[in-house]
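Before any comments, here is the structure.
The values are calculated or read from the model by the stated rules, or taken from the named source; none is laboratory data. This one's a predicted model, so the numbers in the text were calculated from it and none came from an experiment. As a convention, Cβ positions derive from the backbone with ideal geometry for all residues, glycine included, and neighbour counts pool all protein chains shown.
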């Protein structure tokens, strides 16, 4: 998986940077530990958000541009989805991927793929809802103009997406924030596993923080919390920068 | 990250270990078509189209072990697992849950082996057919810890139940795990033995792991029941002290904390990696690894005492406690 490989090369640098910073606080980690949990966190959350975006944005545009009875109800359902407790989603995914569940034969329990599934379920409602709000906020005149100029439905949709891009970017970031910061579902379906040498298999930053807090290692938990905040900040900055470039070009 | 739990077919590498137990495995027609240690290179293509063509033993497979937070958090497993992983070329995925959750995960067929510490729950697990080949693994003990000024005056009490009764009578805060873990189960058994029904403002169920419960007790100046291992590994961070010792330090036997290990029954869950589970049980109960367990320390103190290796037979470790064929109680 080249994407995974790319993601995993980044944290090696972060691990090198996090080590000295952590040791200043009297907290030490095994070699490669922090880098590997960052890699798993990014791999799982970015994949889940990418998949969610592929589903959510077209869905939001379709719902936003169409007029149909029950549209208000659909919006309510999507908005409710934003409030899904992550543990409940984790339990539902657990039942699905458990040996006894409908997907049991795929043996997905305690894997990153199961974690991606649960984060996909968690990230999709906020991305859809916020994108929908952004799409609905696009001035009707823009749509009408696109139609009058002979645009097909796809053209109209693309114009609307372009107009709503800031809102959609916000939606994706909100989805990413929800995915990377949640602990309940990835703990249940992922199992918080590392290998014996401390390299993460399904441990994310959030589950690592939970583990440290469980053992009363609050300083270590705080260091990992700071890493998580820095990571989210970095991703947000990159997306914002990327967005500005896109406008300029 | 691929899991080859189904692809363990020609497990010649583990044949020697497995042969001690393979004869009792239920043959369900799934992956069970394997007379252990036969040595022939027969390839059973029951794997439903998955082309996991492992020709040499169990190499590359993953063993999913569900265990308790009190074992995992001491770091013991990380310390000893490298040896097993290198010996067999496999990966051990250790998932730390409470004893109740660890058994439930195994009951659903989502793990291959369980290492827990609540004999009553283990027995139920075996009686229901989910676990086979149980072995006594190691033990430590529980201790009752509390603030140094000991407002309930339990220090030196030789009876754990008297100590708990004293805490209840004094209405001093007591932190309970409240999470269906082995420690929680032990605590509830102790209250029952003491004839006290805990409840009221002083009794707090936290629903948290042992380390967290110790921290909560520390911050509130409360009493709690802890396994010795977790308490030792965390002692430098908290102000609590041991007020009632367990049997390791000549305390009451009721505070003993034995750990057992069981393979998931492949007759119930045919996807369970039974070969590797039995290899693991063989490995962890071997004299060398039992020695390594006894040498594992935290803050300079031994955390676990091995009990798998013994010259004397102990048949009760294989069956639910008190079971005998004469009584027909199965």
Checklist entry - Within segment A:206-221, can one find any residue that is away from chain B (no Cβ under 14 Å) and either surrounded by fewer than 18 Cβ atoms within 10 Å (Cβ to Cβ) or within 16 Å of the chain's Cα centre (by Cα) (or both)? => result yes
Checklist entry - What strands (runs of 3 or more DSSP E), lying completely within segment B:193-279, carry at least 3 residues that are under 20 Å from residue B:170 (Cβ atoms) and not assigned by TED's automatic domain parsing to the domain that holds residue B:306? => result B:203-205, B:223-227, B:241-244
Checklist entry - Across segment B:134-150, which residue is nearest to residue B:187 (Cα to Cα) among those that are in contact with a helix residue (DSSP H, G or I) (Cβ under 9 Å, 6 or more places away or on another chain) and surrounded by fewer than 21 Cβ atoms within 10 Å (Cβ to Cβ)? => result B:139
Checklist outcome for this item: Within segment A:193-203, residues being over 24 Å from residue B:181 (Cα atoms) and more than 8 Å from every other protein chain (Cβ to nearest Cβ) number 2
Checklist entry - Is there a residue in segment B:282-301 that is surrounded by fewer than 21 Cβ atoms within 10 Å (Cβ to Cβ) and closer than 20 Å to residue B:181 by Cα? => result no
Item to check | Members of segment A:178-192 that are out of contact with any helix residue (DSSP H, G or I) (no Cβ under 6 Å at 6 or more places or on another chain) and either surrounded by fewer than 23 Cβ atoms within 10 Å (Cβ to Cβ) or within 30 Å of residue A:58 (Cα to Cα) (or both) | outcome: A:181
Item to check | Some residue of segment B:105-126 being under 21 Å from residue B:208 (Cβ atoms) and at the interface with chain A (Cβ under 10 Å from one of its Cβ atoms) | outcome: yes
Item to check | Residue count, segment B:168-192 (criterion: under 20 Å from the mean Cα position of the chain (by Cα) and either assigned to a strand (DSSP E or B) or within 20 Å of residue B:238 (Cβ to Cβ) (or both)) | outcome: 8
Checklist entry - Considering segment A:64-100 alone, what residues qualify as being farther than 16 Å from residue A:120 by Cβ and crowded, with 19+ Cβ neighbours inside 10 Å? => result A:64, A:98, A:99
Checklist entry - Do any helices (runs of 4 or more DSSP H) lying entirely in segment A:36-138 carry at least 1 residues that are within 14 Å of another protein chain (Cβ to nearest Cβ), in contact (Cβ under 8 Å) with a residue 40 or more places away in the chain and within 20 Å of the chain's Cα centre (by Cα), and which ones are they? => result A:86-97, A:112-136
Next on the checklist: Quick check on my filter: what residues within segment B:85-95 are assigned to a helix (DSSP H, G or I) and at the interface with chain A (Cβ under 8 Å from one of its Cβ atoms)?
Outcome noted: B:85
